[in-house]
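A short worksheet on the structure shown next.
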Amino acid sequence: MSAVKSPSAKPVRATPPLFNWLDHRAAGVLAHPTSLPGAFGIGTFDTAAYALLDFLAAAGMKYWQVCPLGPTGFGDSPYQCFSSFAGNPYLIDPAPLVSARLLTTDSLAPLRTLSAERVDFGGLYRLKLPLLFSAYSNWRKDPKRALPYGDFAAFREEQSGWLPSYALFSALKDHFDGRPWWEWPADVRSLAAAENSPLRQQVATRAEAYAFIQYLFFGQWAQVRAHAAKLGVGIIGDTPIFAAPDSADVWASPQLFQLDPKTARPTFVAGVPPDYFSTDGQLWGNPLYQWPAHASDGYAWWLARLRANFNLCDVIRIDHFRGFDTYWAIPASALTARTGSWEPGPGLEFFRAIRAALPGAKLIAEDLGELMPSVVALHEATGLPGMVIFQFAFGADAKNLYLPHNHRANSVVYPGTHDNDTTLGWYATTDEKSRDHVRRYLRVNGREVGWDFIRAAYTSVANLAVIPLQDLLSLGSEARFNTPGQSQGNWSWRYRPEQLRVLHENSAAYLRELAELSGRDGVPLTAPTKS
């Protein structure tokens with residue numbers, strides 16, 4: 001298979017755009033909940049989350065953007081989750097479980113031995129998950145015990161479209177010592193098979209425990225969202241375009257993915273060819289979709305996924321938007337992403353289905369990278385706001401689309417994203433040509449380049465400006481959240497509570513003034529009236 005050209009999925013007609021929701025100017029922060037401070041080895045839905053929201057409100061910010069909230073597996077990436085629908089158990093605050101007498105104060109002591117500086121995912125696996133199962137066991141002794149998250153049975157009914165299959169998948173995975181589902185016995189190698197297997201009853205209690213843990217996650221996150229709504233802060237979530245290979249999604253619906261019917265292994269996998277981040281490209285390894293199968297039922301799985309995501313967040317960023325036009329198909333046997341071909345995705349038909357089923361959907365298209373004309377045409381037809389990244393703007397000529405004078409109103413501007421270095425880290429390590437370009441373009445001396453980028457983002461014509469928390473805290477490369485192409489050591493950065501406290505005291509008023517000066521008040525824009 002060769003990478004000669006990128007064919008459009010289907011011709012895109014020039015029609016009015018499907019979506020037009022970004023009708024206001026606003027600012028927000030990018031900070032995944034795992035980076036929140038706290039005593040239990042990882043950020044949780046505790047007072048630190050409320051403190052961050054309080055800071056956003058004080059700073060005049062209207063959005064909190066997070067990475068995917070799903071349960072992470074090998075590599076700890078929120079973009080490789082065991083489920084596209086479930087929440088990450090590590091984010092559950094254990095303190096309310098003590099108040100509910102499901103856990104004891106002493107039982108939390110091991111969690112307090114974990115690092116407060118970085119997330120120790122291995123330690124959490126060893127220490128936190130057993131605590132959550134213990135909480136379930138104690139609840140099961142008295143299932144009528146009142147919890148502040150509503151009725152468990154009602155929750156299971158509300159989430160019945162995905163929760164039973166996820167819970168059974170997770171219980172079976174434990175039963176088989178964490179092995180991927182394609183290594184399980186044939187009688188449980190898919191949801192359809194497992195429904196008739198004796199193992200289903202054997203692991204039923206464990207499956208209910210996983211459902212109960214999801215009840216805790218959803219209940220606590222609902223409280224955080226309620227506080228955000230009270231403050232006028234919306235949550236921007238994130239939906240990876242692909243599902244993880246070892247996930248309840250692929251296990252439950254193998255017919256929707258490009259799998260070998262004999263081995264249940266992918267025939268081709270996802271990734272991108274050589275790019276800004278990697279000379280070998282990025283070999284993600286996710287199974288690719290059988291798009292005709294999705295189209296045959298009106299994209300039901302995707303619509304269910306988006307509905308679930310919108311139950312958690314107000315706005316959804318769709319990762320790797322270009323994959324809906326054409327996607328890079330890599331043979332499953334390939335060692336790098338250099339070998340592959342562009343194959344057609346579902347195109348505008350997919351977004352028409354979303355528009356029909358979810359007419360109020362607020363989506364952001366992650367449209368970064370070198371885009372073929374067909375991708376640009378699809379993006380224009382959807383009307384979705386795209387993304388512009390300041391760190392990609394400098395070092396070339398004035399035609400660079402990421403330079404502020406080329407920005408468009410219907411877009412989201414970032415100094416950098418979770419995949420970039422911090423602005424200070426980037427500036428310290430980039431070439432002198434780019435640094436000189438920054439100084440001359442922004443008319444600055446470069447001594448406070450982090451804040452220079454923040455001010456430039458605020459004054460951009462892009463309607464939404466989202467600032468990584470690391471840049472607000474003026475941190476360097478030590479605070480980088482993710483390095484694409486690096487399989488280990490990512491996603492572990494955390495800030496300290498005093499850092500946010502100082503930022504709140506010293507900069508909230510200034511940021512609010514920036515928002516006022518640049519019209520980022522979240523109020524819908526109106527056309528000027530004639531006198």
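How high is the FRET efficiency between SER115 and PHE74 when r is their beta carbon distance and R₀ equals 22 Å, given to the nearest 0.05?
0.65
Could you check how much of the accessible area of the stretch 435-491 is carbon and sulfur, as a whole percent, using a 1.4 Å probe?
Heavy-atom surface of the stretch 435-491 belonging to carbon and sulfur, 1.4 Å probe: 44 percent.
What is the distance, in nm, between label points placed 7 Å from the Cα along the Cα-to-Cβ direction at ASN311 and at HIS24?
Output for this residue pair reads 2.6 nm.
If each DSSP helix of 4+ residues adds -39,500 (n - 2.57) and the sum is divided by the residues in the chain, what number results at 222 nm, nearest 500 deg cm²/dmol? Provide the component values of the computation, followed by the final result.
On the way: 18 runs with 191 residues, N = 531.
Value at 222 nm, helices only: -11000 deg cm²/dmol.
Within 12 Å, Cβ to Cβ, of ALA194, how many net charges do the neighbouring residues add up to if Lys/Arg are +1 and Asp/Glu are -1?
Counting the neighbours of ALA194, the net charge comes to +1.
Separation between the LEU525 and SER487 pseudo-spin-labels, each 7 Å from Cα along Cα→Cβ, expressed in nm?
The two pseudo-label positions are separated by 4.5 nm.
Ignoring ligands and nucleic acids, what accessible area does ARG140 show with a 1.4 Å probe (Å², nearest 10)?
Counting only protein heavy atoms, ARG140 exposes about 120 Å² to solvent.
Report the local net charge at GLY298: Lys and Arg +1, Asp and Glu -1, summed over other residues whose C-beta lies under 13 Å from its C-beta. The partial results should precede the final answer.
Details: positive: ARG352, ARG355; negative: ASP297, GLU349.
Within the 13 Å Cβ shell, the charges total 0.
Calculate, for the chain, the solvent-accessible area per residue in square angstrom, rolling a 1.4 angstrom probe over the heavy atoms of the protein chains.
With the other protein chains kept in place, the chain gives 42 Å² per residue.
Quote to one decimal, in nm, the extra length available between LEU517 and ARG408 on full extension: 0.36 nm per residue of separation minus the C-alpha distance between them. All intermediate terms of the calculation are to be shown ahead of the outcome.
Details: separation 109, 0.36 × 109 = 39.24 nm, distance 1.88 nm.
Contour length minus the Cα-Cα distance gives 37.4 nm.
Once the whole set of protein chains is in place, how much accessible area is left on ILE241, using a 1.4 Å probe, in Å² to the nearest 10?
10
Between ASP280 and ASP142, take the C-beta separation as r, use R0 = 56 Å, and let me know the FRET efficiency to the nearest 0.05.
0.50
Any idea what the relative contact order of the stretch 47-176 is, in percent, if you count C-alpha pairs under 8 Å spaced at least 6 apart?
The normalised contact order for the stretch 47-176 reaches 16 percent.
Given a cut-off of 22 Å, name the pairs among LYS399/LYS433; LYS144/LYS173; LYS141/LYS173; LYS144/LYS230; LYS62/LYS399 whose C-alpha atoms lie farther apart than that in the structure shown.
Working: LYS399/LYS433 16 Å; LYS144/LYS173 29 Å; LYS141/LYS173 25 Å; LYS144/LYS230 30 Å; LYS62/LYS399 31 Å.
Exceeds cut-off: LYS144/LYS173; LYS141/LYS173; LYS144/LYS230; LYS62/LYS399.
Using a 1.4 Å probe, how large is the accessible area of SER374, given in Å² and rounded to the nearest 10?
Ignoring ligands and nucleic acids, SER374 comes out at about 20 Å².
Let me know the charge dipole size of the chain about its Cα centre in debye, to the nearest 20, where only the beta-carbon of Lys, Arg (+1) and Asp, Glu (-1) is charged.
560
What's the carbon and sulfur percent of the stretch 233-363's accessible surface, probe 1.4 angstrom, rounded to a whole number?
Carbon with sulfur: 54 percent of the solvent-accessible area.
With +1 on each Lys and Arg Cβ and -1 on each Asp and Glu Cβ, and nothing else charged, work out how big the dipole of the stretch 260-375 is about its Cα centre, in Debye to the nearest 20.
Its charge dipole is roughly 340 debye.
Kindly identify the stretch 53-166 as rounded, prolate or oblate by the Cα gyration tensor criterion: order the square roots of the eigenvalues as a ≥ b ≥ c, call it rounded if a/c is under 1.5, otherwise compare a/b with b/c, prolate if a/b is larger, else oblate. Intermediate results must be reported in sequence, preceding the final value.
Details: a/c = 1.31, a/b = 1.16, b/c = 1.13.
Note, shape of the stretch 53-166 comes out rounded.
If you take the charge dipole of the stretch 179-260 about its Cα centre, with +1 on Lys and Arg Cβ and -1 on Asp and Glu Cβ, which of VAL188, VAL250, GLY234 is farthest toward its positive end?
Going by the Cα projections, it comes out as GLY234.
Taking +1 at the Cβ of each Lys and Arg and -1 at the Cβ of each Asp and Glu, which of SER115, PRO130, LEU30 sits farthest along the dipole of the chain towards its positive end, judged by Cα position relative to the Cα centre?
LEU30
With the contact rule set at Cα under 8 Å and sequence spacing of 6 or more, what percent relative contact order holds for the chain?
23
Name the residue from GLY360, PHE321, GLY395 whose Cα lies farthest towards the positive end of the charge dipole of the stretch 307-432, charges +1 on Cβ of Lys and Arg and -1 on Cβ of Asp and Glu.
Farthest along the dipole direction, towards plus: GLY360.
Can you tally the net charge around ALA357? Count Lys and Arg as +1, Asp and Glu as -1, for every other residue whose Cβ sits under 15 Å from the Cβ of ALA357.
Value of the local net charge: +3.
The values are calculated or read from the model by the stated rules, or taken from the named source; none is laboratory data. Fair warning: this is a prediction, and the values are worked out from it, not measured in the lab. So basically every Cβ, Gly included, is an ideal-geometry build from the backbone, and we count neighbours across all protein chains shown. Surface areas here come from the heavy atoms of the whole protein model, side chains and all, with no ligands, DNA or RNA. Shrake-Rupley method; radii C 1.70, N 1.55, O 1.52, S 1.80 Å.
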